[in-house]
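Notes to accompany the following structure.
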Amino acid sequence: MHSINVLRLPHLALIEVLKCWNPFELFTFAQCSEKAARVIPLAGTKNFYLSCHSYAFIAINQYVFNIAKIRQHRGYQRRNIDCAVETKQYQNWCTSFWKNEWTGFRKICLYLSDLFQCPVARYCHTNDVTMSQFFQFAQEIVRKRNEIKILSFDFSKYGRKFSNGTYNACLRTLSRLNVTEELHVVFRSVDFMNPINLAVVPKCVHLRYAPWFTRKHLLSFENCTLVRLHETKLTNKDIDEFVNLWRLGGFSELQAMEVSSENLRHDVSIGGIKKLRDCSNRIRRIKTITGYTFHVPEGVVIQRNDGKKADMRLGPCFSHFFTFIAHSEEDILEPVS
C-alpha cells in the first residue's frame, strides 16, 4: 500500500480527508507536528460537542477521552500534552494516563478545546471534585469563553461546612458564566443564602435548596421551558400570580414546572381555584423533557386566552408541592388506579 503525505494535498482534498476522520483520528494526527495540529479545524471541528463529567471523562460527540492514574500501559507518549495515551477505537474510548488525574483532566480538556476550536458545552460537577477545583476550572472556562450550554454542580456533601465566602465565590462564578441551555445547582441547608443572579436565564433551571428565591426571581424565568425549584419559601400568592400571568399569555415557552415550599397550603386558593386536585379527572398526565419526567395525577385543568391548556396539582397527598404541565401531543395519559 502506498503512503501519501496528507499535508501536501491540495486544500480542498485535505479538507475532505480530514472530514472523514473521527475525533480520535484527528487527535492522533495532530500529534505528528504543529502544522498537523493547525489544519485540524478544517474538518469542521468547531461544531463538535465537548462535554465533561467531573474529571472522569471528556466526551466529544460519541467519542470518550477517559482520564486515568498512570500505570503500566501499552499506550503511546503524546508530547504535546505530556501524557501517555491508549486508544481503543472499537469501543469509542481513549484513555490518557496522568500522575494527577485532576491536572490531566484540565490539561486535556483545554487542549482538545483549543485543538478543535470548540468550546466546552457541558460540565457536570460531582462531589468527588473539591470546590477549589471547580472554581479553578470554571475560571478557565470563563477566560476562554464566558458561555456554556449546560452547567451542573453539586455541593451538597459540604452541608453547613460551606462557608459564606465560598458561597459568594460560587455566586461570582455563576454571574460571569452565561449558561444558555440548562443549569443545575444543588446545595444543602446553610445559615446564609444570598440570591443567585444570572446574567442569562437558561432554558431549563434546576435549583435545590433555594430559600432566597422570590416571586421576582420566578417572573424573570418567563422564557424558560422547564423550572424545578426545591425547598423555596414561595407562597400560594406567588404561585397565584404565576398562574394568572400564564392565563394571560405569559410563560409561553414553559412546558413543566415544579415547586416545593413549606409555605404552600392546599387549603388556600390559587388562580381562583380552591382545591388544586380534581378527583373526577382520573387521568395521570406524564411529560418527559430534557430527560426529566413529570407526573400530574388528578390535575386541575386550566386554560388561557389562546386556548392552550395545562394541568396543575397541589393537594394533601402532594403537600407543599406544586406541579404544572402544559398540554402537548407528546404527553402520555394513564388512568389513575
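The values are calculated or read from the model by the stated rules, or taken from the named source; none is laboratory data. Note that the coordinates shown come from a computational prediction; the quantities given were computed from them, not determined experimentally. Positions of Cβ are generated from backbone atoms using ideal geometry, with glycine treated the same way; all protein chains shown enter the neighbour counts.
Computed values, structure above
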{"read-out": "Verdict on THR288 being touching a strand residue (DSSP E or B) at 6+ places or on another chain (Cβ under 8 Å), closer than 27 Å to THR180 by Cβ and loosely packed, with under 14 Cβ neighbours inside 10 Å", "value": "yes"}
{"read-out": "Search result, residues across the range 272-296 that are without any contact (Cβ under 8 Å) to a residue 40 or more places away in the chain and on the phi > 0 side of the Ramachandran plot", "value": "GLY272, GLY291"}
{"read-out": "Selected residue (criterion: nearest to the chain's Cα centre (by Cα)) from residues of the range 251-267 that are surrounded by fewer than 15 Cβ atoms within 10 Å (Cβ to Cβ) and over 20 Å from ALA210 (Cβ atoms)", "value": "GLU253"}
{"read-out": "Matching option when the condition is at negative phi, hydroxyl-bearing (Ser, Thr, Tyr) and buried (at least 18 other Cβ atoms within 10 Å of the Cβ), among THR225, THR180", "value": "THR225"}
{"read-out": "Check on SER54, modelled with pLDDT under 85 and farther than 21 Å from GLU34 by Cα", "value": "yes"}
{"read-out": "Restricting the range 136-160 to residues that are within 20 Å of PRO202 (Cβ to Cβ) and among the aromatic types (Phe, Trp, Tyr), the residue that is modelled with the lowest pLDDT", "value": "PHE155"}
{"read-out": "Cross-chain or 6+ apart pairs with Cβ under 8 Å, the range 19-32 first and in contact (Cβ under 8 Å) with a residue 24 or more places away in the chain, then surrounded by 15 or more Cβ atoms within 10 Å (Cβ to Cβ) and among the β-branched types (Val, Ile, Thr)", "value": "PRO23/THR45; PRO23/ILE60; PHE24/THR87; LEU26/ILE40; LEU26/THR45; THR28/THR87; ALA30/ILE40"}
{"read-out": "Residue match in the range 89-96 (condition: closer than 28 Å to VAL17 by Cα, within 22 Å of the chain's Cα centre (by Cα) and either crowded, with 17+ Cβ neighbours inside 10 Å or modelled with pLDDT under 80 (or both))", "value": "no"}
{"read-out": "Residues that are assigned to a loop (DSSP other than H, G, I, E, B) and of a type outside the set (Phe, Trp, Tyr), drawn from the range 27-72", "value": "GLN31, CYS32, SER33, GLY44, SER54, ALA56, ASN61, GLN62, ILE70, ARG71, GLN72"}
{"read-out": "Output for the range 1-23, where each listed residue is outside any loop (DSSP other than H, G, I, E, B) and of a type in the set (Val, Ile, Thr)", "value": "VAL6, ILE15, VAL17"}
{"read-out": "Of residues in the range 161-179 being outside any helix (DSSP H, G or I) and more than 18 Å from GLU140 (Cα to Cα), the one modelled with the lowest pLDDT", "value": "PHE162"}
{"read-out": "One residue from ARG304, ARG282, ARG313 being over 29 Å from the mean Cα position of the chain (by Cα), surrounded by 12 or more Cβ atoms within 10 Å (Cβ to Cβ) and within 23 Å of PHE221 (Cα to Cα)", "value": "ARG304"}
